[in-house]
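What follows is a single structure, written as structure tokens, with notes after it.
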Amino acid sequence: MDFDPEDLFRDDDDDPENEFYQGKESTKESVVYLVDASPRMFYPAANAEDEKSETPFHVAVNCISQALRTQIINSSYDEVTICFFNTREKRNLQDLNGVYVFNVLEREYLDRPTARLIKEFSSIEETFMSEIGSQYGIISGSRENSLYNALWVAQALLRKGSRKNVDKRILLFTNEDDPFGGIKGAAQKDMIRTTIQRAKDAQDLGISIELLPLSRPNDEFNISLFYADLIGLERDDLSLFIASAGDKLQDMTDQLRKRMFKKRKVRRITFSIANGISIELNSYALLRPTLPGVITWLDSVTNLPLKSERASFCADTGALMQEPAKRFHPYKNENVLFTMDELSEIKRVSTGHLHLLGFKPLSCLKDYHNLRPSTFVFPSDEEIVGSTCIFIALHRSMLRLRRFAVAFYGSSAHPQIVALIAQDEITSSSGQVEPPGMHMIYLPYSDDIRHPEEVHMAVDAETPRATDDQIKKAMVILKRVDLKDFSVCQFANPALQRHYAVLQALALGEDEMPDAKDETAPDEEGLARPGIVNALEDFKVAVYGENHDQEEAESAEKSSEASRKRKAIAETAVKESANYNWAELADNGKLKDLTVVELKYYLSAHNLPVAGKKEALISRILTHMGK
Amino acid sequence: MARNKVYLDFQISFFFPFKGSNQRCHLSCLKFGNRSIFSREALVLLLDVGPSMHNLLPEIEKVCSMLVQKKLIYNKSDEVGIVLFGSEDTDNALTKEVGGYEHVVVLRHIKVIDGDMVDALQKLPRGTACGDFLDAIVVGMDMLIKKFGPTNKGKQRLCLITNAQYPTKEPFEGTKEDQIDTISAQMKTHGMRLDCIIVRGKLTGAANKKIMDENDLLLNRFSKKTISKSVYVESPTSLYGALRTRNISPVTIFRGDLELSPSMKIKVWVYKKTSEEKFPTLKRYSDKAPSNDRFATHEVKVDIEYKSLENPNKVVPPEQRIKGYRYGPQVVPISSAEWEAVKFKPEKSVKLLGFTDASNVMRHYYMKDVNVFIPEPGNAKAILAVSSLVRAMKEMNKVAILRCVWRQGQGSVVIGVLTPNISSLDNIPDSFYFNVLPFAEDVREFQFPSFNNFPPSWQPNEQQQEAADNFVRMLDLAPSGKEEALQPDFTPNPVLEVILGLQFFYHLLCLFGMVSFMMSFCIQRFYHFLELKSKQPDADVPPLDRTLKRVAEPDPELLSQNQSVIANFRNKFELKENPKKKKSSRLLWREKRSASDEGEKDAEDVPDVQSVKLIGNSSKMKVEEIGDLNPVQDFEAMMARRDSSEWVSKAIRNMKVLISDLLDSSCEGNHYDKAMECLVALRRGCILEQEPKEFNQFMQELSKKCKEKNLKRFWELLISKHVTLISKEEAIDSDVADNEAKRFLVKTELTSE
């Protein structure tokens, strides 16, 4: 039986069906980075604004190296090849001229990126000229066509893996907008034709080709000369492409290191709206806390992975046992036993449907009605035609009437009442910010809500409330310290980024520990602006009174009763403690003859914890004396 | 009959020579007492069993017995006493000692809970007198004082359940208010808490508004001098939520400064506001201990050993293990010491990043359970500072963004949003709610198509939109002037409340026509089974109760009120199964089919349709043979059985035999129609299950049979209904082309002539 009865009683967190932790990539990506290595790539870009004048080659290498560092964390199952063309040396399976596939030990040409690949590639510029060399590959008079060769090599490499599961891409870095410009007549036409045909073939095989144009020494990269045809751009897209190409490079370099998840639905839900109306929804996990990767235990001597083995023992007899066949639960001072069969029998009934119970105004959804990250639902007509139409109609009504739906979500292990909040689509220039659909918010039950504020209820008197003046002062602060463009996920998790950075440094053998920036620190400069400081000072005086700091200092000085008492105990302890020769007592093993009270004199006098049994106290004293 | 004032004074002086209470002592006891792990609560239930309560007593019995049952599992050493008032008899210590206090019965003295108490609570006697709740409170308080004296402060609770419809007696001297002040001062001295649950559902005719108002005032007066809370409930469901069945002592997760800036700080305490109640875990059972060992724990210990892959016999000691993290295909080892040296180590602090418009933080970004920030208790400055910020934020519709490190040494920071909470009670300070927000890494940017880009057939038209508007407006759970239904604060977790017979809880809900839940049947069943097994160890797993088979559905009353709106909504939209989708659609198809069947039925029996359907379905689920009474239903049920792949082929086989038999036994074609129905069902089933060959082969056999046995009329019937071979277009596995399938009938007919 493939059923695990523990399932039923486990926390939701480790439920294998659990929607929150199904983050496995179902598809992966294969990328070939094709880098032009012609001598032209090594001329510094003499851009007026850019004084640093890096060579385009350096820009490309840097960009790929950063992209790899990101990729190895975000989606380490992706496969990459780095391939130069217009090189002196050649290295490729087809033995074609002018194409050099860069690789390191223990790695196939198209394989997952490794720490070694990243490390060696990052320093490739030092050895490039001597080992690989740069050379124009397309020269008039010769039939050689290095661009054609490079595409061919890339295409051959990308043949690996099925078309269905793998997203295949060629990223082409070059600053030559007219590779066949130097050739004249029929030969030129012929070469252009065959090269474009080669690209088309690749695209027909499901390989997409992307171009990352690099700066040219003197003029703009003119995409319409040749590459528009190669990558299959329509006229209208041309201007758009130029605008976005620069961003793309920047994006690749600056990408945030985070694990990427392919879009996949968590499950299909049947949503019963009323008797006779059930529609189909798909749920998606748009927000889930990202954790540092899984820990693998290693043998610190060999650095080889360890395998864990569980052994069960009877707590009463110590006998080794097989996986016990029964479970029990104490109830009314007895153990009630269950067999696995009985548990699976109990489990056999469950429905996974979402049932609408009604609607409420949004104001009924309080800020404390939350337990877990929300789940996004989107309609589907895949199996029930008409679902989307009903969903859109309800969605619009809910938005317009400012209401949310209350529904019962009956997952087998965790039936819950949920709120469905309609979210309208929000788009910005960079694309979709909020997708249209509904967010399912898991509501707490009364058992889940606590009332800590009632613990400190004032008994005799009414509690003070702010006066209008105080509120006004607070409003000034609110206006001053305003995060205008706050967006919810603008901060990277500093702990996670540090984790990744440390991992990278250790894997690549970098000496320096990178100092990851903590974006979450408050803007101290901003807070020190006089306007804000004054507003805060006004508020402080309004609620705390004129002499708050002074009063605080005084009350700190005039230590509270409790601490005075503590001080008194410590003083007597020091005094009493001096009456004993502790070293001698310890040496003769006489400590155990003292009473606990006496032992505590020593501990209090030396500021040690006084909790625990007598043995614990003695051992603590001995440790402190260094014996 | 007047309450014996003399007694009150006597008690006070007897137990408390220092009459004025020592407030500090009491408060400190609250603070520290609550943090104790071994907090054993002493609870006295004060239950009104007077005539006007009779209709409510069944639920009160259930709620209270559930309370004790839950304690049996979670707080085994808690103590409970039961006092009834409004009863016919009188039996309490005070009446013996000082007289008075009639119609108050101590059903159970305060003692550690046991199973008998559950039984006692399940059959409360019905009273005949008009109970005086003040008498009951004094009796309950007296029980607690006699039992605990000055000890156990802060862990004593009186819980009064009444409808407060009868007048209280006039005291000998002073006013009722004075008396309440005396009582509540007493309660405060002893660190008692009073919870009043006042049931105000549909009023019985005799209710006297004036008396009830006076009683409400009296009960509210308790909260002036002692820790007391009154909750008014309208529905039995809320009754379940209002009686807090499990007591958790709150523990702060942070005490310190909320830093607006380096110079402006507010002292706050942070608690959890919501936290998911977890389920009891089953333990693994060891049967190794000898059966006569009464002290055996029967527990199973689990040891985990780490062994190297190369040498499986060698156990690697814990100190030789090192953690490794994946970096691409490699695993990078990092020792704890190394990690400690480089890891992110923020300082303990709670700092303001800034304020922003509430609309910038959408509700669905809240990530976790919720915290509450309260100003440091007793610190008037902090209370004022929080109060002014809360009110300013509310006024300007702003929220605050914070960066929090709760503890020193915590390896991560939390970014969250602070939202204002204006206190509704005079004696509770204003506070903030705090919700954790996601980091950039936590967001998965999936793209979804815009609704506007969908084809027009997917867009609702004007009438449809109007029907939806009405539907959303009318199916209202929070109508003005009535109690909001399903308010989380009063909606108990059905699974946790299940502990014992949830059947009756469920039954109750149905009875009162309030809200029904779909509970996790298996868990419910588990607790039901637990109770059964504790009484009878060899009990079988109970069959699913019929009432439990009903799934969640909205309040039937709400549905019947809005019949026309729902019917209109249903009629405006069309839903049908996607014919292209086959294999995986079986279950949905079934659900859909019965759903559309329902659509045709009268709305009168709406609430019951679904349960009937479900029971019907599940009985079908167990079909093992195709009978000739309802062959089509049996066939479909069998095809839908998922417990073994055998069923599909068996169903097809059986159906074929049945059709043949029907044709063979047919006399002048009297079974043709039935055979036809079966054949159509078989065809549909074969398409759904992707078994076209089975069907096509059968059709070939059938055509032969028709020729041989002279079943020409049946064949004509087939032609008239266009029942032919399954073509490739209908099921990919078929090797019959579309036009071939069309020709099949004609061709066969011609040759048969």
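The criterion of at least 3 residues that are exposed (fewer than 12 other Cβ atoms within 10 Å of the Cβ) is met, among helices (runs of 4 or more DSSP H) falling completely within the stretch B:637-753, by B:646-665, B:738-752.
Filtered by the rule that a residue be under 28 Å from A:Asn145 (Cβ atoms) and either under 21 Å from the mean Cα position of the chain (by Cα) or aliphatic (A, V, I, L, M) (or both), the stretch A:66-82 gives A:Ala67, A:Glu79, A:Val80, A:Ile82. For B:Ile415, the requirement of being β-branched (Val, Ile, Thr) and more than 7 Å from chain A (Cβ to nearest Cβ) is not met.
Quick one: is B:Val405 surrounded by 18 or more Cβ atoms within 10 Å (Cβ to Cβ), within 9 Å of chain A (Cβ to nearest Cβ) and within 19 Å of B:Asp257 (Cα to Cα)? In short, no. For the stretch B:311-362, a tally of residues being of a type in the set (A, V, I, L, M, F, W, C), within 30 Å of A:Glu425 (Cα to Cα) and surrounded by fewer than 19 Cβ atoms within 10 Å (Cβ to Cβ) returns 2. Look at A:Thr296 and say whether it is surrounded by fewer than 17 Cβ atoms within 10 Å (Cβ to Cβ), at the interface with another protein chain (Cβ under 7 Å from one of its Cβ atoms), modelled with pLDDT of 75 or more and touching a strand residue (DSSP E or B) at 6+ places or on another chain (Cβ under 6 Å). Judged against the criteria, A:Thr296 is a match.
Filtering the stretch A:302-335 down to residues that are part of a strand (DSSP E or B) and among the acidic types (Asp, Glu), which residue is modelled with the lowest pLDDT? Looking at residues that are part of a strand (DSSP E or B) and among the acidic types (Asp, Glu), I get A:Glu334. Looking at A:Asp587, A:Asp593, just one residue is of a type outside the set (Gly, Ala, Ser) and surrounded by 10 or more Cβ atoms within 10 Å (Cβ to Cβ), and that residue is A:Asp587.
Yes/no matrix, rows are residues, columns are (1) part of a loop (DSSP other than H, G, I, E, B); (2) more than 7 Å from chain A (Cβ to nearest Cβ); (3) among the charged types (D, E, K, R):
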| site | (1), (2), (3) |
| --- | --- |
| B:Arg326 | no, no, yes |
| B:Ala337 | no, yes, no |
| B:Lys351 | no, no, yes |
| B:Phe355 | no, no, no |
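Note on the stretch A:419-442: residues that are modelled with pLDDT of 85 or more and either more than 17 Å from A:Ile269 (Cβ to Cβ) or not hydroxyl-bearing (Ser, Thr, Tyr) (or both) amount to 16. Going by what's in this entry, would B:Leu160 be described as crowded, with 22+ Cβ neighbours inside 10 Å, out of contact with any Phe, Trp or Tyr (no Cβ under 9 Å at 6 or more places or on another chain) and not basic (Lys, Arg)? Here the answer is no, as B:Leu160 does not meet what is asked.
Residues of the stretch A:491-516 that are within 7 Å of another protein chain (Cβ to nearest Cβ), assigned to a loop (DSSP other than H, G, I, E, B) and either among the small types (Gly, Ala, Ser) or surrounded by fewer than 20 Cβ atoms within 10 Å (Cβ to Cβ) (or both): A:Ala492, A:Met513.
Taking the stretch B:19-57 as the range and being modelled with pLDDT of 80 or more and either in a helix (DSSP H, G or I) or touching a Ser or Thr at 6+ places or on another chain (Cβ under 6 Å) (or both) as the test, the residues that pass are B:Asp48, B:Val49, B:Pro51, B:Ser52, B:Met53, B:Leu57. The single condition among (1) touching a residue at least 24 places away in the same chain (Cβ under 8 Å); (2) within 8 Å of chain A (Cβ to nearest Cβ); (3) farther than 27 Å from A:Asp485 by Cα that B:Val302 does not satisfy is (1). Counting only helices (runs of 4 or more DSSP H) wholly contained in the stretch B:67-160, the ones carrying 3 or more residues that are closer than 30 Å to B:Asn208 by Cβ occupy B:133-148.
Being in contact (Cβ under 8 Å) with a residue 40 or more places away in the chain, more than 8 Å from chain A (Cβ to nearest Cβ) and assigned to a strand (DSSP E or B) is a property that B:Ala382 lacks.
Applying the criterion of being under 32 Å from the mean Cα position of the chain (by Cα) and surrounded by 23 or more Cβ atoms within 10 Å (Cβ to Cβ) to the residues of the stretch A:83-113, the residue that is farthest from A:Phe42 (Cα to Cα) is A:Pro113.
Scanning the stretch A:42-59 for residues that are buried (at least 23 other Cβ atoms within 10 Å of the Cβ) and either assigned to a loop (DSSP other than H, G, I, E, B) or at pLDDT below 85 (or both) returns a single hit, A:Pro56.
The values are calculated or read from the model by the stated rules, or taken from the named source; none is laboratory data. Since we're looking at a predicted model, the values are computed, not measured. Backbone-built Cβ (ideal geometry, glycine too); neighbour counts: all protein chains shown.
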